[in-house]
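The values are calculated or read from the model by the stated rules, or taken from the named source; none is laboratory data. Bear in mind that the values here come from a model prediction, so they are computed numbers and not experimental data. Don't worry about glycine lacking a Cβ; one is built from the backbone with ideal geometry, like all the others, and counts go over all protein chains shown. Keep in mind that these areas ignore ligands, DNA and RNA; they rest on the heavy atoms of the full protein, side chains included. Shrake-Rupley method; radii C 1.70, N 1.55, O 1.52, S 1.80 Å.
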Amino acid sequence: PGRNWNTKNAYNAVYVPYDDKQDFEPMKARVAENPRDEGKGEWEYVPIAIGETTRYMGVYTPPGYDPEDGKTYKTIYAVHGGGQDESDWMGIGSVQKIMDNLVVAGKTEPAVIVSVTSNNNFLGSGGGMWGGGGANAYTNVSEYVIPYIEEHYNVSTDPMNRAWAGLSMGSSNTQGMINANAPLVGWYG
């Protein structure tokens, strides 16, 4: 569910399976976005308390994820574009469907994906949507978000097993994260 109700639009998607008789390479390449019947991961919106405020994160766990088996996964933190929120990577971005297909096909290794918002100063003081960054930016990421994910999910605590990526406005957040605390995350996109 979107949290930024003033800017949310209704997004509808129809997934049409590709058939070789279509003989159209651009559509064939988009087969990774089609939902699977089997080999599906799970995703949910998870509440997180930051100070006295409750925020939400989208969390995807890959096919075969078992919280009891002790296997650890790499983590990808994804930030949306301007005017969006934590629901967009999971909704219109179809990240969970794409990851399911890539993991099952053996084209990528399983990972936990966390979609966060840059709205309402969620990322930390100075690191919100229009924040200036600096030494105190992204404190919520280091003090709340990453510790929460590492406590509640089987993910590696090694920064080299964390990635941070942003789309459009989220790329500004990515640059801000690099400037504020580059060693916190091993990979940026």
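Inspect segment 25-34 for any residue being part of a helix (DSSP H, G or I), among the acidic types (Asp, Glu) and either in contact with a helix residue (DSSP H, G or I) (Cβ under 7 Å, 6 or more places away or on another chain) or at pLDDT below 85 (or both) and give the result as yes or no.
yes
All but one of (1) among the aliphatic types (A, V, I, L, M); (2) open to solvent by less than 50 Å² (accessible area, probe 1.4 Å); (3) in contact with a Lys or Arg (Cβ under 9 Å, 6 or more places away or on another chain) hold for VAL104; state the number of the condition that does not hold.
(2)
Counting only residues that are open to solvent by less than 10 Å² (accessible area, probe 1.4 Å) and among the β-branched types (Val, Ile, Thr), which one in segment 71-80 is modelled with the highest pLDDT?
Here the residue is THR75.
Within the set of pairs 6+ apart or on separate chains, which have a first residue in segment 164-184 that is crowded, with 18+ Cβ neighbours inside 10 Å, a second that is acidic (Asp, Glu), and C-beta atoms under 9 Å apart?
As it stands, the answer is LEU167/ASP88, since those pairs meet every condition given.
Can you go through TRP130, TRP89 and tell me which one is aromatic (Phe, Trp, Tyr) and either at pLDDT 80 or above or touching a Pro at 6+ places or on another chain (Cβ under 7 Å) (or both)?
Going through TRP130, TRP89 in turn, the sole match is TRP89.
Can you tell me which residues in segment 81-100 are open to solvent by less than 40 Å² (accessible area, probe 1.4 Å) and aliphatic (A, V, I, L, M)?
MET90, VAL95, MET99 - these are the residues of segment 81-100 that are open to solvent by less than 40 Å² (accessible area, probe 1.4 Å) and aliphatic (A, V, I, L, M).
Quick check on segment 146-175: of everything there that is modelled with pLDDT of 85 or more, part of a helix (DSSP H, G or I) and in contact with a Leu (Cβ under 8 Å, 6 or more places away or on another chain), which residue is nearest to GLY81 (Cα to Cα)?
That would be ILE146.
Any chance segment 53-76 includes a residue that's of a type outside the set (Gly, Ala, Ser), under 12 Å from the mean Cα position of the chain (by Cα) and more than 21 Å from ARG162 (Cβ to Cβ)?
No, segment 53-76 contains no residue that is of a type outside the set (Gly, Ala, Ser), under 12 Å from the mean Cα position of the chain (by Cα) and more than 21 Å from ARG162 (Cβ to Cβ).
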